[in-house]
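Asks: The structure is given below, and queries will be raised subsequently.
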Amino acid sequence: MEKILVTGAGGQLGTELTEALAGRYGTSAIIASDINEKAASRFDCTFEVLNVLDKDKMAALIDKHEVTQVYHLAAILSAAGEKNPLFTWDLNMKSLLNVLELAREKNLNKIYWPSSIAVFGPHTRAVDTPQYCVMDPTTVYGISKLAGERWCEYYNKIYGVDVRSLRYPGLISYKAAPGGGTTDYAVEIYHSALKGETFNCFLKADTHLPMMYMPDAIKATIDLMEAPAESISVRSSYNVGALSFTPEEIYNSIKKFHPDFKIAYSPDFRQNIAASWPDSIDDSVAREDWNWKPEFDLDAMTKDILENLVVEK
Ligand code: AKB
């Protein structure tokens with residue numbers, strides 16, 4: 001039986017992915033972990049406090065629970081990373097190397113590690129960004145994700161570690177808040193709409209970014225992890241696309257349901273980060289290799305979030 005350790009389980013992606021993994025493989029197959037012990041209350045499965053820089057503790061948990069797979073989600077994102085660049089590098093890189101080393105030493109079956117569109121930069125082709133292209137990330141988060149992709153491919157090619165990865169666009173969800181990303185505005189805007197507040201957007205009205213609704217991200221992750229190893233031709237990280245929109249476009253989508261909703265724009269340092277990222281993603285390799293196909297368009301996502309998100313007014 002597979003036993004899955006999830007790091008950073010209390011985060012935006014971890015909260016929903018851990019729940020989905022427990023639904024699919026059974027609660028007893030999942031060990032959620034996070035540095036924040038308060039995250040424990042979100043899960044029915046076993047929970048362990050884990051600082052991902054502590055390789056000995058991670059090794060002990062793998063032994064204690066007879067872990068066979070690790071979903072290593074803990075990371076510092078793009079905007080937060082710029083406030084503490086060297087610590088962000090240490091956390092994002094050393095934790096990944098801890099996981100890859102333990103996978104090699106303990107012969108783990110599979111590793112999942114998220115990369116991001118932050119690996120791209122100003123000289124990358126912005127429209128329909130291809131799988132293989134110029135990559136010149138400008139944030140420490142993006143640099144750490146690009147380096148991490150190279151390490152994943154290295155551990156696969158040299159040591160045979162079955163590591164799989166997706167370059168997520170901005171993830172939009174309503175169950176758990178994102179923390180410290182450049183794409184977070186696309187989550188916060190729904191909270192303002194439901195509270196009846198004017199939304200103050202930190203990006204310019206016409207800033208296109210690739211985005212994805214969380215149910216599609218969960219599906220992509222599980223589909224990739226369940227695909228036969230021989231169909232995985234990319235061992236760095238797969239481009240996955242779904243939506244591409246600007247703040248003005250998501251605002252107009254929300255206005256279809258809340259006609260009085262108002263938006264104001266005051267771009268900050270995150271505008272420069274967003275401007276360096278692609279507008280849209282060519283994910284044909286993922287579609288070809290393991291049949292990736294997103295389900296939600298912008299209005300379907302908006303409807304679902306507005307129907308399910310509960311805000312305190
Ligand atoms: C961020 O904005 O930093 C993340 C990402 C695109 O990886 N959401």
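The values are calculated or read from the model by the stated rules, or taken from the named source; none is laboratory data. Everything numeric in this text was worked out from a predicted model, so none of it was measured. Every residue, glycine among them, receives a Cβ derived from its backbone with ideal geometry; neighbour counts consider all protein chains shown. Side chains are part of the model used for accessible areas, which takes the heavy atoms of the whole protein and leaves out ligands, DNA and RNA. Shrake-Rupley method; radii C 1.70, N 1.55, O 1.52, S 1.80 Å.
Asks: List the extent of the Cα atoms of region 175-288 along each of their three principal axes, largest first, rounded to whole Å.
Replies: Computed over the Cα atoms, the extents are 51, 28, 24 Å.
Asks: So what J values fall out for region 151-163 if you push phi through Karplus, 6.51 cos²θ - 1.76 cosθ + 1.60 with θ = phi - 60°, rounded to Hz, Gly and Pro as x?
Replies: 5, 4, 4, 4, 5, 6, 6, 8, 10, x, 5, 8, 9
Asks: Can you tell me the accessible area per residue over region 71-176, all protein chains present, probe 1.4 angstrom, in square angstrom? Don't jump to the answer; show the numbers that get you there.
Replies: Values: 4160 Å² over 106 residues.
On a per-residue basis, region 71-176 sits at 39 Å².
Asks: When the accessible area of the chain is computed with all protein chains present and a 1.4 Å probe, what percentage of it is carbon and sulfur?
Replies: Numbers: 6510 of 13240 Å².
It is 49 percent, rounded to a whole number.
Asks: Compute the angle between helix 55-64 and the longest alpha-carbon principal axis of the chain, please, reported from 0 to 90 degrees and rounded to the nearest 10.
Replies: In the chain, helix 55-64 runs at an angle near 70 degrees to the longest axis.
Asks: Can you pull out the trypsin sites (Lys or Arg not before Pro) in region 1-100 that DSSP calls coil and that have at most 16 other Cβ atoms within 10 Å?
Replies: Values: sites: Lys3, Arg24, Lys38, Arg42, Lys55, Lys57, Lys64, Lys83, Lys94; in loops: Lys3, Lys83.
Taking region 1-100 and a limit of 16 other Cβ atoms within 10 Å, the loop trypsin sites (Lys or Arg not before Pro) found are Lys83.
Asks: A further question on this structure: With the other protein chains left in place, how much accessible area per residue, in square angstrom, belongs to region 224-276 at a 1.4 angstrom probe?
Replies: Values: 2280 Å² over 53 residues.
Per residue, region 224-276 has 43 Å² of solvent-accessible surface.
Asks: Write down the radius of gyration of the chain and its Dmax, each obtained from C-alpha positions, in Å.
Replies: So, for the chain, Rg and Dmax equal 18.8, 58 Å respectively.
Asks: Using the alpha-carbon atoms, what tilt in degrees (0 to 90, nearest 10) does helix 12-25 show relative to the longest principal axis of the chain?
Replies: Rounded to the nearest ten degrees, it is 50.
Asks: What is the angle, in °, between the Cα long axis of helix 214-226 and the longest principal axis of the Cα atoms in the chain? Nearest 10 is fine, range 0 to 90.
Replies: That works out to roughly 20 degrees.
Asks: If you average the C-alpha positions of region 157-188 and of region 201-249 separately, how far apart do those two centres end up, in angstrom?
Replies: Result: 8 Å between the Cα centres.
Asks: Suppose R0 equals 30 Å; then what is the FRET efficiency for Glu307 and Val127 from their Cβ-Cβ distance, rounded to the nearest 0.05? Don't skip to the end; give the middle numbers.
Replies: Details: r = 32 Å, r/R0 = 1.07.
The pair Glu307/Val127 has a calculated efficiency of 0.40.
Asks: Right, here's the next one. Run the Debye formula on the Cα coordinates of region 139-201, all scatterers equal and no solvent, and tell me log10 I(q)/I(0) at q = 0.29 1/Å.
Replies: Debye curve over Cα of region 139-201, log10 I(q)/I(0) at q = 0.29 Å⁻¹: -1.19.
Asks: For region 1-106, what log10 I(q)/I(0) values come out of the Debye formula at q = 0.13, 0.16, 0.17 1/Å, with one point per alpha carbon and no solvent?
Replies: Log10 I(q)/I(0), no solvent term: -0.44, -0.66, -0.75.
Asks: Okay, next question. Quick one: Karplus J couplings for region 235-245, per residue in order, coefficients 6.51, -1.76, 1.60, θ = phi - 60°, nearest Hz, x for Gly and Pro?
Replies: Computed from phi, the couplings for region 235-245 are 10, 8, 6, 8, 4, 9, x, 8, 10, 9, 8 Hz.
Asks: OK, next. Take a quick pass over region 97-216 and tell me how many lysine pairs come in under 29 angstrom between Cα atoms, counting only ones 8 or more apart or on separate chains.
Replies: Close lysine pairs under the 29 Å cut-off: 11.
Asks: Multiply the residue gap between Ala229 and Ala80 by 0.36 nm, knock off their C-alpha separation, and tell me the result in nm, one decimal place.
Replies: Details: separation 149, 0.36 × 149 = 53.64 nm, distance 3.46 nm.
Length gained between Ala229 and Ala80: 50.2 nm.
Asks: Could I ask something else about it? Under a plain spin-label model, where a point goes 7 Å from the Cα along Cα-to-Cβ, how far apart in nm are Asp289 and Lys175?
Replies: Output for this residue pair reads 2.6 nm.
Asks: Based solely on C-alpha atoms, express the radius of gyration and the Dmax of region 153-238 in angstrom.
Replies: That works out to 17.1, 55 Å for Rg and Dmax.
Asks: In sequence order, what are the phi-derived ³J(HN,Hα) couplings for region 183-189 according to the Karplus relation 6.51 cos²θ - 1.76 cosθ + 1.60 with θ = phi - 60°, rounded to whole Hz, with x for glycine and proline?
Replies: Per-residue couplings from phi come out as 8, 4, 4, 6, 9, 4, 4 Hz.
Asks: Count the net charge of all other residues whose Cβ sits under 11 Å from the Cβ of His208, scoring Lys and Arg as +1 and Asp and Glu as -1.
Replies: Details: positive: Lys204; negative: Asp206, Glu248, Glu249, Asp279.
Taking every Cβ under 11 Å from that of His208, the sum is -3.
Asks: Along its three principal axes, how long is region 87-246 when you only count alpha carbons? Whole Å, largest extent first please.
Replies: 53, 34, 33
Asks: Still on this structure, I have one more. Counting only residues 5 or more places away or on other chains, whose amide H sits under 5 Å from the amide H of Gly170 once H atoms are built in the peptide plane?
Replies: Here the answer is Met211, Met212, since their amide H atoms fall under 5 Å of that of Gly170.
Asks: Looking only at region 170-202, which residues have a backbone nitrogen under 16 Å from a spot 7 Å from the Cα of Lys262 in the C-beta direction?
Replies: Answer for region 170-202: 192-201.
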